[in-house]
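Participant: I have a structure here, written as structure tokens, and I will follow up with some questions on it.
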Amino acid sequence: MRVSGVERTFQVGGRPLHVLKGIDMELPYRKLIMLKGRSGSGKTTLLNLIGGLDRPTKGEIWFGDLPFHEMNDDKRTHIRRKEIGFIFQAYALMPMLSALENVELSMRMAGTPRSEWRERAARCLELVGLEKRMKHRPFELSGGEQQRVAIAKAIAHKPRLLLADEPTAELDSQMAAQIMAVFQNIIRTEQVTICMTTHDPTILEVADHVYEMVDGKIS
């Protein structure tokens, strides 16, 4: 993915709020990219643009040869379902479904053929180290385990790009390190690029590249 001259402005109280102020960056294939910055620096807004959840006010965003900045909502939604996985701070798991069923549900929503659900869901949970916890429901899992189920959900439909918004924010340092190890394993085995936001300095060393955001710009 390539981001060129991207700006994003919102209207707040009748006045423009310039959240992103000319962003240039690249997300290379099979790399772990981190967006570092304080709350309010614009990193989540940028992540949403990269994921096609929003369009830039100005500038270009290319997903391969596809121009996200020119596409309407329907076209971006179609690409997201096939090519992009999302991990949010809130794990977004269905409380009455097992870990396996939660991952299967994500594939149903992505349009994956039903015949592939069980085997692929089990494979993804094995990748994140939960092969012995597949039948457990979210309330029976720790925070780190729930985050790993969320990761398994995000990769189940075999996306090319995985986006994670502060995936270690609610975890202690040991669990955060485990999640980073999972990410590195996924990059190797699933041939995926990962872009994540963080303000945790302890995990930056595992990144292939770090972009620091300050006041809507990359410094």
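Participant: Output the residues belonging to segment 93-115 that are under 20 Å from residue 190 (Cβ atoms) and of a type outside the set (Val, Ile, Thr).
Facilitator: If the condition is that a residue be under 20 Å from residue 190 (Cβ atoms) and of a type outside the set (Val, Ile, Thr), then 99, 100, 102, 104, 105, 106, 107, 108, 109, 110, 111, 113 are the ones that fit.
Participant: For residue 213, indicate whether it is at pLDDT 90 or above, closer than 20 Å to residue 144 by Cβ and not polar (S, T, N, Q).
Facilitator: Against the criterion (at pLDDT 90 or above, closer than 20 Å to residue 144 by Cβ and not polar (S, T, N, Q)), residue 213 does not qualify.
Participant: Among the residues of segment 187-196, what is the count of those that are buried (at least 16 other Cβ atoms within 10 Å of the Cβ) and modelled with pLDDT under 95?
Facilitator: 1
Participant: Consider residue 108 carefully, then state whether it is out of contact with any Gly (no Cβ under 9 Å at 6 or more places or on another chain), of a type in the set (Lys, Arg) and modelled with pLDDT under 95.
Facilitator: yes
Participant: Take segment 54-90 and flag every residue that is within 12 Å of the chain's Cα centre (by Cα) and not small (Gly, Ala, Ser).
Facilitator: Hits for segment 54-90 are 80, 83, 84, 86, 87, 88, 89.
Participant: Residue 135 is checked against (1) part of a helix (DSSP H, G or I); (2) surrounded by fewer than 19 Cβ atoms within 10 Å (Cβ to Cβ); (3) at pLDDT 95 or above and fails just one. What number does that condition carry?
Facilitator: (1)
Participant: What about residue 147, is it in contact (Cβ under 8 Å) with a residue 12 or more places away in the chain, crowded, with 16+ Cβ neighbours inside 10 Å, part of a helix (DSSP H, G or I) and not aliphatic (A, V, I, L, M)?
Facilitator: In short, yes.
Participant: Then there's this: Pick out, from segment 30-129, the helices (runs of 4 or more DSSP H) lying fully within it that include 1 or more residues that are without any contact (Cβ under 8 Å) to a residue 40 or more places away in the chain, touching a helix residue (DSSP H, G or I) at 6+ places or on another chain (Cβ under 9 Å) and among the charged types (D, E, K, R).
Facilitator: Once the helices (runs of 4 or more DSSP H) in segment 30-129 are filtered for at least 1 residues that are without any contact (Cβ under 8 Å) to a residue 40 or more places away in the chain, touching a helix residue (DSSP H, G or I) at 6+ places or on another chain (Cβ under 9 Å) and among the charged types (D, E, K, R), what remains is 73-83, 99-110, 117-127.
Participant: Okay, next question. Tell me which residues, restricted to segment 168-197, are part of a helix (DSSP H, G or I) and acidic (Asp, Glu).
Facilitator: Correct list: 190 only.
The values are calculated or read from the model by the stated rules, or taken from the named source; none is laboratory data. What you see is a predicted model; the values in this text were computed from it and never measured. Cβ atoms come from the backbone with ideal geometry, glycine included; neighbour counts cover every protein chain shown.
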